[in-house]
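**Q** I am attaching a structure below and will ask some questions about it afterwards.
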Amino acid sequence: MNAEFPVARPRRLRRTAALRRMVAGTRLHPAELILPVFVKEGISEPQPVASMPGVVQHTRDSLRKAAHEAAEAGVGGLILFGIPAVKDGRGSAADDPGGIVQQALGDVVAEVGDALVIITDTCLDEFTDHGHCGILTPDGDVDNDLTLERYASAAVAQARAGAQVIAPSGMMDGQVGAIRAALDAEGFAQVPILAYSAKYASGFYGPFRDAAECAPQFGDRSSYQQDPAGPVGEALREVRLDLAEGADAVMVKPALAYLDILRQVRDTVDVPVAAYQVSGEYAMVEAAAANGWIDRERVIMESLVAIRRAGADLILTYWATEVAKRL
């Protein structure tokens, strides 16, 4: 029989900061944080992203410095997005050995070695002139199966350049299986796959598309990314399919608007679960803080704790280095 008031007083365990810290049920650790970074070909100075205050498109030199700073802070990993100087319909720079992602991978691995897990986003939207995540059919649809060939080739190029984890994000059916088979065939059976398994066609991606210069030139991505109001169980089906194809970890994206999905995934699988605190989440906090409407540091930490509490083992966040230093 549980005691009731006045014997039961839950406030007793909240009385001091030390008590609250001792009984905290959710804790953040720097090693659980992954820093998304953008590197752009052909620039001589880092370029600020207007819609994401504090985030830049890096040069290769500034990327090395950012990676070093993240490693020094204890951040667990870095996920790399590249913006090539030249784009075309098939995203040729994605698997070009001399492409910006492959060059930057060599730089970062040389800079930090094993101090950070170096992850590469494996998709085509940053590399295509039309901004979609795959090869287009003559009528403008994304050809799922032809796109799988491009993903597989890009993943192998990234692994050869030093990527320690491959993270396919295009939401093509069969993408994990195609990449796993290609990596294994080329001697990269040891390279794990972190699958963007439950990725929604979200309005929270706007600032990212500024940073990665990958906004679709027509239409949207609703035919391949998940519908926010889609069928109950769709996310879990996607997760199960990716695991059956060889994914080693899975991701939910975005994070805060999909904490319910994150919890369902965490309760269902026995592999690491990541959540991406996306650009729109970041931009809203930074904009509100700049206007003096919220306590910036408090809201950052509260949002990360919420994602962790919902079940994320790993959190991709643009505040990774800053928060790691604070922790």
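The values are calculated or read from the model by the stated rules, or taken from the named source; none is laboratory data. This one's a predicted model, so the numbers in the text were calculated from it and none came from an experiment. Reconstructed Cβ throughout: ideal geometry from the backbone, glycine too, with neighbour counts over all protein chains shown. Surface areas here come from the heavy atoms of the whole protein model, side chains and all, with no ligands, DNA or RNA. Shrake-Rupley method; radii C 1.70, N 1.55, O 1.52, S 1.80 Å.
Residue-wise test of (1) within 23 Å of residue 100 (Cα to Cα); (2) modelled with pLDDT of 95 or more; (3) among the hydroxyl-bearing types (Ser, Thr, Tyr).
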residue: 168; (1), (2), (3): yes, yes, no
residue: 173; (1), (2), (3): no, yes, no
residue: 177; (1), (2), (3): no, yes, no
residue: 181; (1), (2), (3): no, yes, no
residue: 195; (1), (2), (3): yes, yes, no
residue: 201; (1), (2), (3): no, yes, no
residue: 208; (1), (2), (3): yes, no, no
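**Q** Please work out which residue is most open to solvent (accessible area, probe 1.4 Å), limiting yourself to the stretch 132-142 and to residues that are of a type in the set (A, V, I, L, M, F, W, C) and under 23 Å from residue 254 (Cβ atoms).
**A** This residue is 142.
**Q** Mind listing whichever residues of the stretch 261-278 are touching a residue at least 24 places away in the same chain (Cβ under 8 Å) and farther than 14 Å from residue 304 by Cα?
**A** Keep residues of the stretch 261-278 that are touching a residue at least 24 places away in the same chain (Cβ under 8 Å), which gives 261-269, 271-278.
If the condition is that a residue be touching a residue at least 24 places away in the same chain (Cβ under 8 Å) and farther than 14 Å from residue 304 by Cα, then 261, 263, 264, 265, 266, 267, 268, 269, 271, 272, 273 are the ones that fit.
**Q** Give just the number: which of (1) open to solvent by 40 Å² or more (accessible area, probe 1.4 Å); (2) in contact (Cβ under 8 Å) with a residue 12 or more places away in the chain; (3) not acidic (Asp, Glu) does residue 12 not satisfy?
**A** For residue 12, the failing item is (2).
**Q** So which residues in the stretch 273-322 are assigned to a helix (DSSP H, G or I) and in contact with a strand residue (DSSP E or B) (Cβ under 8 Å, 6 or more places away or on another chain)?
**A** 304, 307, 308, 310, 320, 321
**Q** Any residue in the stretch 76-100 that is charged (D, E, K, R) sitting within a Cβ distance under 8 Å of a residue that is assigned to a strand (DSSP E or B)? List the pairs, counting only those 6 or more apart or interchain.
**A** 87/128; 88/128; 90/128
**Q** Can you name the number of the only condition in (1) touching a residue at least 40 places away in the same chain (Cβ under 8 Å); (2) over 26 Å from residue 78 (Cα atoms); (3) among the small types (Gly, Ala, Ser) that residue 222 fails?
**A** (1)
**Q** Can you tell me which residues in the stretch 262-301 are of a type in the set (Asp, Glu) and surrounded by 15 or more Cβ atoms within 10 Å (Cβ to Cβ)? Lay out the reasoning, then the answer.
**A** If we filter the stretch 262-301 for residues that are of a type in the set (Asp, Glu), which is where we start, we get 267, 270, 281, 286, 295, 297.
Listed by number, the residues that qualify are 281, 286.
**Q** Taking residue 259, is it assigned to a helix (DSSP H, G or I) and open to solvent by less than 10 Å² (accessible area, probe 1.4 Å)?
**A** no
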